[in-house]
Amino acid sequence: LELGSGVGLGGVAVWCATGCAALTMSDWDQAAPALVDNLKANARTNTKQPSMSADVRLFDWFDALEDEFQPVSEDGDGFDLVIGADCMYSDDPAVAMSLAAAMRKHLLPTAGETFAKRGYFFSQS
């Protein structure tokens, strides 16, 4: 999952470099009117193999602060990898808290095991 995808550069780069079968990119629907169409076009353009699939979801990080929040994954469980690069343009502490909650609540508890085997490192803390 890429949070705050913008044009999707970070998500597409990780997707292609790791050979992941699926990619979900997300952004806030107020970020730009044509954002979803742009993300979908970039995903289609960069799909290298028929087995690769990309999904685009609208997602407001503040939703992750709610107790009944469910991840935006298709199965509602979460993701093996959550990334975000240059995705926060506010000095409001509430925005930082919502981004942290979105990352934490989307990351599967077993995600470290999955990517450690491939030589990738990330932290859930």
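The values are calculated or read from the model by the stated rules, or taken from the named source; none is laboratory data. Computed from a predicted model, the values in this text were never measured in an experiment. As a convention, Cβ positions derive from the backbone with ideal geometry for all residues, glycine included, and neighbour counts pool all protein chains shown. SASA here: full protein model, heavy atoms, side chains in, ligands and nucleic acids out. Shrake-Rupley method; radii C 1.70, N 1.55, O 1.52, S 1.80 Å.
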task: Mind counting the residues in the stretch 43-80 that are touching a Ser or Thr at 6+ places or on another chain (Cβ under 9 Å) and not in a loop (DSSP other than H, G, I, E, B)?
output: 13
Pair list, Cβ under 9 Å, 6 or more apart: the stretch 29-57 residue farther than 14 Å from Val7 by Cβ, other residue at pLDDT below 80 and of a type in the set (Ser, Thr, Tyr): Ser53/Thr47
task: Take Met97 and decide whether it is open to solvent by 40 Å² or more (accessible area, probe 1.4 Å) and in contact (Cβ under 8 Å) with a residue 60 or more places away in the chain.
output: no
- request: Go through (1) at pLDDT 80 or above; (2) open to solvent by 40 Å² or more (accessible area, probe 1.4 Å); (3) at negative phi one by one and return the number of the condition Pro71 breaks.
  value: (2)
Residues that are assigned to a helix (DSSP H, G or I) and of a type in the set (S, T, N, Q), drawn from the stretch 3-24: Thr18
